[in-house]
1. Take region 849-886 and flag every residue that is aliphatic (A, V, I, L, M), open to solvent by 10 Å² or more (accessible area, probe 1.4 Å) and part of a loop (DSSP other than H, G, I, E, B).
2. For D304, only one of the following conditions fails: (1) more than 21 Å from D214 (Cα to Cα); (2) among the acidic types (D, E); (3) at pLDDT below 90. What is its number?
3. Only one of T332, T308 is open to solvent by 30 Å² or more (accessible area, probe 1.4 Å) and within 24 Å of M204 (Cα to Cα); which?
4. Given the criteria closer than 21 Å to P239 by Cβ, of a type in the set (G, A, S), open to solvent by 60 Å² or more (accessible area, probe 1.4 Å) and at pLDDT below 95, does S930 qualify?
5. Enumerate the pairs (first residue in region 910-923 and under 9 Å from I897 (Cβ atoms) and of a type in the set (A, V, I, L, M, F, W, C); second residue anywhere and at pLDDT 90 or above and open to solvent by less than 90 Å² (accessible area, probe 1.4 Å)) with beta-carbon separation below 6 Å, excluding pairs fewer than 6 apart on the same chain, so at least 6 apart or on different chains.
6. Go through (1) without any contact (Cβ under 8 Å) to a residue 12 or more places away in the chain; (2) closer than 30 Å to Y438 by Cβ; (3) in contact with an Asp or Glu (Cβ under 8 Å, 6 or more places away or on another chain) and name the single condition L34 misses.
7. Does region 368-418 hold any residues that are under 26 Å from M518 (Cα atoms), in contact (Cβ under 8 Å) with a residue 12 or more places away in the chain, out of contact with any Leu (no Cβ under 9 Å at 6 or more places or on another chain) and part of a helix (DSSP H, G or I), and which are they?
Amino acid sequence: MTIVAISSLMITIQQSMQVTGCNLESFYEKLESLIAVMEKPSSITGDLEALASLELQIAEVAYRAEKEIDSKSIEVVRAKTDTLRGRAFWKLSCFLEQVVENIDFIMKEWMAIRDGCNNMKEYMIVSESSKSFLAKTEMRQGLTFWKRAVRHVDSMMNKWRKKQSMCTKSKDVEAQNLTLGSTSRHSLEHENMMVGHENEFEMMQDQLTRGACDLEVVSIVGMGGIGKTTLANKIYTDPFVMSCFDKRAKVTISQDYCVRNVLLHLLSSISGKTDQTHEEQDDGQLADQLQKLLKGPRYLVVIDDIWTTGAWDDIKLCFPDCTCRSRILMTTRNMEVAEYASSGRPPYQMRLMNFDESWSLLYEKVFARGFFPHEFEQLGKQIASKCKGLPLMIVVIAGLLSKIGNRFDQWRSVAENVSSVMSTDLDVQCMRVLALSYHHLPHHLRACFLYFALFPEDKVIFVNELVKLWAAEGFLKVDETKSMEQVAKQSLKDLVDRSLVFIQRVSSFDGKIKACGMHDVIRELCLREARKINFVNVIMDNQNPSEQARHCSTARVRISIQSKQSKIVVNQLSMVRNNDSCSILLSVDDPSSSKMMQALKRFKVLRVLDLASSTLNAFPSCIVELFHLRYLALSVYSSTNDRGIDIPPSIANLQYLQTLILKSPTSLAWKYSRPFILPSEIFKMSQLRHLSLDWNYLKQHESIERSWLLRNLQCLSGWNPLSCTSSIFRLLPNVKKLQIYGILEGYIRSNKDEVFHALCYLDQLKELKFKMKKTGIARPMFPTPLILPSIGTFSKNLKKLAFRGTRLHWKDLEILGKFPKLKALKLGYDACLGTDWEVGEEGFPHLKFLRLKQLYLHKWIASSDHFPCLERLVINRCWSMYSIPQDFVDITTLQLIHVTDSAESVGNSAKKIQQEIEDNYGSSVEVCIS
C-alpha cells in the first residue's frame, strides 16, 4: 500500500494548494519521482521482510503527514492578517519539507535493500544521515511521531548488523509486479456463460416446466464458485421457461440475511417496480401481500444462495400452492437445506467440469479474444487441467492471463503457481488460486479491490458512489490528463476485466457500468486479505469483541458496521479502541439516530462518514468539526421544525469535502417530508465535486460573493428551480451534470422569473434532468410547470436530457431536436401532457437513445426520418400506448427495442419491426419483451 499512501499524500498536497492558494508544487513533484522509482520494474534480490517493513514505515509517515497538512492548511485559510498567513504558510512548507525528506531517506534505504546492496559502509552512511536528519527534525518540530521514525532506523540497523549476508526471496516477485496491459472488452453477464452441463440444463428445465400440478421445490447444491447461480440464471432467462410462467421473481438470500429485505426484493421483482407503500408495511403485511400476488397465476421463484433451514422457514409460507405447476428453484451450498425444503425430488448435486469443459471455458475467456501461438494453447490446457474443474477458478485465472498478454514466461509462472497451491481440500485450493490473482494486481488496484470488503455480502454497489468513496480515500493513481472520476472508472474496469468484480447493471444508453458486485467466494478472499494488513475492521452483530479489537491497531483502519439493529451500533463503536480511524460506513437494517453522533464525536480524523442508512432527526452540529472529511452522506428528517431542516453556515468549515449527500429517509411519507435549508456559505466549500440533495431551499443567496467559486463541482443533483439564477450559475463554471428538482410552485415561479435562461452560464453542462417532487396534492392541469427557454439558453455540449413530472406539451419537444450534440432523451412519468405525440418535421437528427416510461401516450406518429440515428428504444410501463411507429423498420442504425410492462400490441409491433428489418435488410435487431 506504499504507492497508494504516497499518491494519497500527493492528492492532499494538491488539495492544500487549491484551498490555501500556496505553491507547494516542488513537494508534489518530488513525491511523484519517488513513485516512479517504486513502480520501475526491477529484479529484487534483497530481503523481502526488510523491504515490507520499510514500505509500512513510508506508508505510516505519509498517512500521518496528511492529517498535519490538513490542519496546517486550515490555519493558513483562517489567518486574519497577511503576517499570520505568511507564518502559517512557512510552518506548512517546513513541515512538508521534513516529510518529503524523511520519505526520501527511507526510500534510499529501501532501494539499497531492493538492489541487494552488500556494502555495509555505504548503508551505514545512508542510515546515519537518515538518523541525524530525523533527530534534527525532532528537535525542531517536537513531535513524538518523529521519535518513532528514529527508533525505526535504529531497529533496521541492528537487523543488518546481525545479518551476515543478504537473503534472496525473489520467487514470483516479477509476476507480482505485472503492469496493466490493454483493457479487454468485458460483457455484462460473464458469469452467465455456461459451458457444458447441457444435460443438466435440460433435466432442470423439464422438472420446472412439466410434472405434477402441485407446487414443487427444485434444488441445486454445490460448493461456492461451482456455477449454481450461473445455471439458475440461465434457466430463469430461458425463453421457453419464461413462456411457461405467468409471474417470475428472483432473490438472493446469502449467509447474513434480513427477512424484510427478502420480502421487499421479491415484491419488487414480481411487480417490476419499487412500491413506496411497501416500505411503510411491517413484515407480516409484506408476507401477506406477496402471497396474494402469487395466489392464482403460475409462478417461478428463484431463491439463490440460501444457507440455513431457518431462512427457508422464514419465507416458505409466502408461496401458495394453487395446483397450477408453480415452481421454486433453490441454490445452496448445504445439502441439508436442500433436502429440508425438498418436495420429494432429490436435489441436483452440481458436478465439477471435466477437462474438455474446463478447457472450453478458458479458451472462450482468453484465446477466443486474441491471437496466441500454439505453445500458449498447450500451456493453457495445463492451467485448465490444474483448476480442477471449478468454473470460478478458471474465470479468475482467465482474467489474469488476459492481462499478461503474450508473455510466455509469465504464463509459465502462473501455471507453476496454480500447481503449487493445490491441496486435497478444494475450498482451500480455490482460495489460494484466487489469492494469486490478488497478488498480481498492480499496487494502485489493490486498495480499490480491498475496499469491497467494507460492503455487506451481496450488496448492489452503485458505481457513482464507489467512485466518490475511492476518491475520498485517496486511492486513485494521480493522472494529470484525467479526472478522478475517469481514473476511478478505469480502475473498476480493470478489476472487472480480471473477473474479481462482476457487473450487475449497465446503462441502457451507452453500456457503461452502473452497478457491480463481488462473488461471495472472492469477497471472502477480499475480507481475509484486508484484515491481514489491518486495512478494514468489519463489525457484525455476532462478532467476538476480541476479534473486533484485533483489527483496529493501525491509524488508517476503515470501519464498516453491518448490523440489523441500530441500538447495537453505539456499543460497537464504543468498543473500537482506535480514534484515528479514517472511515466509517454504516449498514443498518433498523435505522434510528439513538446516540449515534455521541459515539462518533471522538473520531476526529475521519475522511469518510457514510450514515445514509441511519436516520437522524436533525443535522448533527458536531459534524462541522470533522474538517478532514472528504465524503459525507446523511439521511435526515425534521421531528420538530415544520419549516425545514437547517444546515448551519459552519458547514463551510469542511474545506476538504469533495462529496456531500443530504437525503430524506426513503421510508418517510411525503406529508412528513421537509426541505433542507441550505446556507449561502456552502459556496465557500471550494473542494466540492459532488453535491447530491433532496428537496431544498437556498437561504439568503442574494448575499453570495462572486469570489465564492465552486470551480471543482462536477455534479449537482436536486437543485431547486428557484435557485437556478445567473448569480449562482456563474459560480459553477465546470458543472457537467445537473438535476433540477422542486415542487410545482417552484417551477411556476421560475417560469415567471425566466430563471432557466441562466442555464447559458453552464457551458460545460452535458447532462440535464428536470424532476418534479410529489407532494400528494392534486395538481391543476394548467399552468404547465416548465416552459422550455430558447435553444440559445442551453449548453452546446448537452448530450443527455431527462424530464419527469414537468407536464410539457408534446410540441414543446421540437426545440430539443435542434440540440447539436443531444444523444439521449428520457421521458418519465407525467413528463408530457396529451395522449398523442406527433413528432415535428425536423425530428431528432442526432438522437441515439430514447426512453419512454410511465407515459399516458396512446398514439405515436413518427417516421424513420425523425430518428435517423436511433440505436436503442426503451418503452417501460406505457400501458395505454398502441404501437411503435412501423416506419422504424427503415432506421438502419436501430440495434435494440426493449419493451417492459406495456400493452401486448407494443410488443407485437416491436417483433414485426424486427422481422421486417431481417427480411428487407438482412440485418438483426435485438427485441426484449418482459
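The values are calculated or read from the model by the stated rules, or taken from the named source; none is laboratory data. Keep in mind that what you see is a predicted model, and the values were worked out from it rather than measured. Cβ coordinates were reconstructed from backbone atoms using ideal geometry, including for glycine residues, and neighbour counts include every protein chain displayed. Protein only, heavy atoms only, side chains kept; ligands, DNA and RNA dropped before computing areas. Shrake-Rupley method; radii C 1.70, N 1.55, O 1.52, S 1.80 Å.
1. A862
2. D304 satisfies every listed condition except (3).
3. Numbers: T332 fails: open to solvent by 30 Å² or more (accessible area, probe 1.4 Å).
Answer to the check: T308.
4. Yes.
5. Listed pairs, sorted by first residue: A910/I884; A910/I897; A910/V899; A910/V927; I913/F888; I913/V889.
6. Here L34 meets the rest and fails (1).
7. Selection gives R369, S385, K386, S402.
Residue-by-condition table, conditions (1) out of contact with any Cys (no Cβ under 9 Å at 6 or more places or on another chain); (2) open to solvent by 40 Å² or more (accessible area, probe 1.4 Å):
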{"site": "M242", "(1), (2)": "yes, yes"}
{"site": "T252", "(1), (2)": "yes, yes"}
{"site": "L263", "(1), (2)": "no, no"}
{"site": "L267", "(1), (2)": "yes, no"}
{"site": "Q281", "(1), (2)": "yes, yes"}
{"site": "K295", "(1), (2)": "no, yes"}
